[in-house]
Amino acid sequence: MASKEFDIVLFGASGFTGKHCVKQLAEVCKENPGLKWAVGGRNEEKLRNVVDWAERKTGVNLKQVGYVSADVSDVASLDAMCRRGKLLLNLVGPYRFYGVPVVEACIRNKCHHIDISGEIQFLEKLQLDYHETAKKAGVYIVEACGFDSIPSDLGVLFVKKQFPGILNSVEGYQASHHGPEGTTLNFGTLNSAVHVVANRNEIKEIRERFHYAPLPECKPKLKPRGPLFYSDLCGGWCIPLNSTDASVVNRSQRYLYETEKERPVQYRQSYTRRSFLSLMSFIFVMINIGILSFFRCGRKLLSKYPKVFTFGVFSHEGPTEAQMATTSFTFTFRGRGFSSKSVEKSGKEDMAIITQVDGPEMAYVTTPIGMIQAGLTILKETSYLPDRPLHFSLDPKSTIKAVPPPDPRLIRLSHTQCSIFPVSHRKMRSKTTNLRDVSKSASHIVPICAIQIPSQIWEQTLKP
Ligand SMILES: NC(=O)c1ccc[n+]([C@@H]2O[C@H](COP(=O)([O-])OP(=O)(O)OC[C@H]3O[C@@H](n4cnc5c(N)ncnc54)[C@H](OP(=O)(O)O)[C@@H]3O)[C@@H](O)[C@H]2O)c1
């Protein structure tokens, strides 16, 4: 493989998320001084301002950072950019409009590609149209490496790994926490989400084109939830989310079944808020965005006045640093299954596990961490990855000290600085006997408990 100038090219570095990725990559350079990277985009002045800002913020000397000029509408510029990089971190969205030419250029020019798309149609169509071509080229096209959908996808794999029996289902509860100033998301995310909603019917046709063979049925099935329900587990009101996360989790489950014959698990995700009123206000904003997204004039209004028409949830300015510093998320996972094959045959679940993943602000702190660590994994830990991708030798000065965790599929999560805290569900904790704390792992992600549940406790606290 001809040598390439940069280990990483960060394309879309001038955007809001891009800027925070530059800062995160600068932090990573403290431990990896040999890493060669560049920022890419269509406006060099903006790129220089971002790099200067990141230099001031981190105190890392970024004079060696390269600048690559590329515009999605100019294929030759994309080819030139991808020829120079081993790995492209792509932050140019909405991906349904800008994503495909970048992926094609990556495949043509043997450059691995990571995105942070949460656009379900783009993600599934990309797999459909480019999986075989990318595989033949030995290039990884890794999707959804941001808050969408690393915590949920690897969270489910983690539950599966820690479950001491046969896992049948996982329910994930996503919660966000804010400081007194609240928080907001940058317009770029709204702009992408609006087109996901407006084109929601496409997904059926895309899925039909996969011609998937049915997966083995998981029994008992997760009982349907109502549109709103209270969860004792997370102490809040919940709404089931048919989100990108569920699609990503299901695709991983299918992959593991087809390649490693692993039993798939069912997954359901819900969004939770402490108070009923707070959840109602969230639903109101989402319905409002949903309705406006259907109409061209509605989309225009959202684009021009996001703050007004989303009641402050989105803005052109994005969150302030103070808001980001006081925002965080929690995922609580409850897995259920069987202690043995014979119990599985009886169809009665008798075991449960609770795990919890905490992390910093979702879109502009967790997402850059997830994306960059996924990139470092591809560059540094190729031998753990499936399908023998292209292997680029790294500069010997690179000193990434990643200790390979026991399961390569957990690599990315174990680097994301998420941490586990005891589940604050007193009722359950006080009632559970035989609590088996398996938190000795060096990984930051540890399960809370794996328990054989006495039947009356199952009835009172865990029964769906
Ligand atoms: N998965 C997650 O959790 C997560 C979190 C955050 C963001 N995201 C996604 O990340 C994407 C970016 O969001 P954002 O808020 O950072 O958006 P943004 O601030 O609008 O940034 C968009 C970037 O794309 C660049 N761009 C636009 N058109 C281009 C073209 N023709 N050629 C080259 N570059 C072009 C812009 O460059 P200029 O500066 O030159 O205009 C800018 O750098 C969105 O799709 C969003 O949904 C996902």
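Less than 11 Å Cβ to Cβ from Asp115, Lys/Arg counted +1 and Asp/Glu -1: what total charge do the surrounding residues give? Show your work: numbers first, answer last.
Details: positive: none; negative: Glu119, Glu143, Asp148.
Residues near Asp115 contribute -3 overall.
In a solvent-free Debye calculation with one equal scatterer on each Cα, what is log10 I(q)/I(0) for region 11-62 at q = 0.16, 0.18, 0.22, 0.32 Å⁻¹, listed in the order of the q values?
Normalising to I(0) and taking log10 leaves -0.39, -0.49, -0.73, -1.33.
What is the Cα radius of gyration of region 6-143 over 2.2 N^0.38 Å, N being its residue count?
Details: Rg = 14.5 Å, N = 138, 2.2 N^0.38 = 14.3 Å.
Dividing the Cα Rg of region 6-143 by 2.2 N^0.38 Å gives 1.01.
Could you give me the ³J(HN,Hα) list for region 90-104, computed from phi with Karplus coefficients 6.51, -1.76, 1.60 and θ = phi - 60°, whole Hz, x at Gly and Pro?
Residue by residue, region 90-104 yields 9, 10, 8, x, x, 5, 5, 9, 10, x, 4, x, 5, 4, 4 Hz.
State to the nearest 20 debye the size of the charge dipole of region 1-154 about its Cα centre, where the only charges are +1 on K and R beta carbons and -1 on D and E beta carbons. Don't skip to the answer; put the middle values down first.
Numbers: 20 positive and 20 negative charges, 104 e Å.
Approximately 500 debye in magnitude.
Go through Val103, Leu35, His20 and say which Cα lies farthest out towards the positive end of the charge dipole of region 6-143; charges sit on Cβ, +1 for Lys and Arg, -1 for Asp and Glu.
About the Cα centre, the residue reaching furthest to the positive side is Leu35.
Stretch Asp129-Lys219 to full length: gain in nm at 0.36 nm per residue minus the Cα-Cα span? Before the final figure, lay out the partial values.
Working: separation 90, 0.36 × 90 = 32.40 nm, distance 3.26 nm.
The Asp129-Lys219 span can extend by a further 29.1 nm.
Quick one: order Glu5, Glu124, Glu143 by neighbouring beta-carbon count within 10 Å, fewest to most. Walk me through the numbers on the way to the answer.
Working: Glu5 13, Glu124 21, Glu143 25.
Final ranking by Cβ density, sparse to dense: Glu5, Glu124, Glu143.
Which of the GluC sites (Glu not before Pro) across region 232-325 are loop residues per DSSP, with 16 or fewer other Cβ within 10 Å? Before the final figure, lay out each step's value.
Numbers: sites: Glu258, Glu260, Glu262, Glu317, Glu321; in loops: Glu262, Glu317.
Answer by residue number: Glu262, Glu317.
Using modelled amide H (1.01 Å from N, peptide plane; none on Pro or chain starts), what sits under 5 Å from the amide H of Leu241, excluding residues fewer than 5 places away?
Amide H neighbours of Leu241: Gln269, Ser270, Tyr271.
Would you mind checking the radius of gyration and Dmax of region 320-375 based on alpha-carbon positions, in Å?
Expressed in Å, the Cα Rg and Dmax of region 320-375 come to 18.2, 55.
So how many Å³ per residue does the convex hull of the Cα atoms of region 49-115 work out to? Let's see the in-between values first.
On the way: hull volume 6.8 nm³, N = 67.
That works out to 102 Å³ per residue.
Using Cβ counts within 10 Å as a stand-in for footprinting exposure, how do Cys234, Cys111, Cys218 rank, fewest first? Don't skip to the end; give the middle numbers.
Numbers: Cys234 23, Cys111 27, Cys218 17.
Lowest to highest Cβ neighbour count: Cys218, Cys234, Cys111.
Looking at this model, which pairs from Lys23/Lys300; Lys261/Lys380; Lys160/Lys345; Lys110/Lys307; Lys136/Lys261; Lys36/Lys304 are more than 30 angstrom apart at the alpha-carbon?
Working: Lys23/Lys300 32 Å; Lys261/Lys380 27 Å; Lys160/Lys345 19 Å; Lys110/Lys307 41 Å; Lys136/Lys261 23 Å; Lys36/Lys304 38 Å.
Check vs 30 Å cut-off fails for Lys23/Lys300; Lys110/Lys307; Lys36/Lys304.
In nm, what is the difference between 0.36 nm times the number of residues separating Lys341 and Arg200 and their Cα-Cα distance?
On the way: separation 141, 0.36 × 141 = 50.76 nm, distance 4.01 nm.
Using 0.36 nm per residue and subtracting the Cα-Cα distance, I get 46.7 nm.
Once a ≥ b ≥ c are taken as the square roots of the eigenvalues of the Cα gyration tensor of region 270-331, is the result rounded (a/c under 1.5), prolate (a/b larger than b/c) or oblate (a/b not larger than b/c)?
On the way: a/c = 2.65, a/b = 1.32, b/c = 2.02.
Judged from the Cα gyration tensor, region 270-331 comes out oblate (a/c at least 1.5, b/c at or above a/b).
Could you give the length gained on full extension between Trp53 and Glu258, defined as 0.36 nm per residue of separation minus the Cα-Cα distance, in nm? Present the calculation step by step, with values, prior to reporting the outcome.
Values: separation 205, 0.36 × 205 = 73.80 nm, distance 4.60 nm.
Roughly 69.2 nm would be gained on extension.
For region 339-356, take each phi angle, set θ = phi - 60°, evaluate the Karplus expression 6.51 cos²θ - 1.76 cosθ + 1.60, and give the result in whole Hz per residue in order, putting x for glycine and proline.
Coupling constants for region 339-356: 7, 7, 4, 5, 5, 4, 4, 6, x, 10, 5, 10, 9, 9, 9, 10, 10, 9 Hz.
No value in this document is a laboratory result; all are computed from the given coordinates. Remember, predicted model here, so these are calculated numbers, not experimental data. Counting neighbours? That spans all protein chains shown, and the Cβs are built from the backbone with ideal geometry, glycine included.
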